[in-house]
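Read-outs throughout are calculated quantities, based only on the coordinates presented, and are distinct from any laboratory measurement. All of these numbers come straight from a predicted model, not from anything done at the bench. Cβ coordinates were reconstructed from backbone atoms using ideal geometry, including for glycine residues, and neighbour counts include every protein chain displayed.
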Amino acid sequence: MPELGNHPSLSSSPCIPLRIADLRLRWPGGAVALDGCSLELPHHGLWMLVGANGSGKSTLLRVIMGLIQPDSGRVDCSRPASLVFQNPDHQLLLPSCGADLQLGMPDHLSAPQRRERLGAALERVGLQGFAQRPIHSLSGGQKQRLAIAVALVADSGLLLLDEPTALLDPRSQQEVLMLVRHLCSEGLTALWVTHRLEELDCCDGAFPMRQGAIGAAMAIG
């Protein structure tokens, strides 16, 4: 059986944000989804997984999150993880920005702590004063930044981003990319799935994925 962990006590090294080893998954119809995937993110930063549609990138993120059970292999996360979808409308559930952030916070926080954390998270993603804003009034880029803020209020140290710029205009694409780059410079770890080669200029390291398998680290720069 596969070994899955999304808790510091389950990781063999607390200094390594994410390690996956020999993940294998075959769909019920027989098609191979993951073919011995292994990957290690050695330290915090912005890491990218690049490949064509259908190469298994999104499936891999869902296995890391525990949303899909692999047939075999191991996942070790030394930090709590959050998944940011390509379409933020698929994960922003409540009418206002503040309400969605409140939903993502740990239950043990007091009311003052929740207000402080809410304000700080909005400020970090450039949405100061948006607590009462209806989510339907936000642009696509603002919604994606709010989805990232939800991960921040949940104390996530590992951000899994499934082509987060795919539905955005060029300006918003750059804003979201630079936001995640900045957050990673402050200690966050991000695994960013993309097929846009130009986005690789901003990452600390990248790995190619093809037909369910991860290749050796790519040369950057």
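The calculated 222 nm mean residue ellipticity attributable to helices in the chain amounts to -8500 deg cm²/dmol, summing -39500 (n - 2.57) over DSSP H runs of n ≥ 4 and dividing by all residues. What angle do you read, to the nearest 10 degrees and between 0 and 90, between the alpha-carbon axis of helix 140-153 and the longest principal axis of the chain? The angle comes out at about 80 degrees. Percent of Cα pairs in the stretch 122-197 per distance bin of 10 Å, from zero to the largest separation: 18, 55, 25, 1.
When the chain is modelled as a GNM with alpha-carbon springs shorter than 10 Å, which of ALA111, ALA99, ALA81 fluctuates the most? Per the Cα network of the chain with a 10 Å cutoff, ALA111 tops the list.
Take each peptide in 212-219, 48-55, 71-78, count the other Cβ atoms within 10 Å of every residue, and average; sorted highest first, the result is 71-78, 48-55, 212-219.
Less than 15 Å Cβ to Cβ from GLY187, Lys/Arg counted +1 and Asp/Glu -1: what total charge do the surrounding residues give? Once all neighbours under 15 Å are counted, the net charge is 0. The amide H of SER96, built 1.01 Å from its N in the peptide plane, has ILE135 as neighbours under 5 Å, considering only residues 5 or more places off or on other chains. As I understand it, the value is the acute angle between the Cα axis of helix 170-185 and the longest principal axis of the Cα atoms of the chain; what does it come to in degrees, rounded to 10? On a 0 to 90 degree scale, this one is about 80. Amide H to amide H, with H built 1.01 Å from N, ILE68 comes under 5 Å of VAL63, counting only residues 5 or more places away or on other chains.
Placing dummy labels 7 Å off each Cα toward the beta-carbon, the span from HIS108 to HIS43 is 3.0 nm. Restriction of the GluC sites (Glu not before Pro) in the stretch 139-219 to DSSP coil positions whose beta-carbon has at most 13 other beta-carbons within 10 angstrom yields GLU186.
Spin-label model, ASP201/ASP35: points 7 Å from Cα along the beta carbon direction are separated by 3.3 nm.
Shape class for the stretch 10-89, computed from the alpha carbon gyration tensor (a ≥ b ≥ c): oblate, with a/c not under 1.5 and a/b at or below b/c. Relative contact order for the stretch 46-203: 36 percent, from Cα pairs under 8 Å spaced at least 6 residues apart, divided by residue count. Its Cα gyration tensor gives the stretch 75-208 an equivalent ellipsoid. The semi-axes, each the square root of 5 times an eigenvalue, are 24, 18, 12 Å from largest down.
Between ARG62 and GLN128, residue separation times 0.36 nm minus the direct Cα-Cα distance comes to 20.7 nm.
When you restrict to C-alpha pairs under 8 Å that are six or more residues apart and normalise by the size of the stretch 143-215, the relative contact order lands at 32 percent.
Kirkwood radius and radius of gyration were both taken over the C-alpha atoms of the stretch 1-159, and their ratio Rg/Rh is 1.01. The coefficient of translational diffusion for the stretch 46-100, derived via Stokes-Einstein from the alpha carbon Kirkwood radius under 4 °C and 1.567 mPa s, stands at 95 µm²/s.
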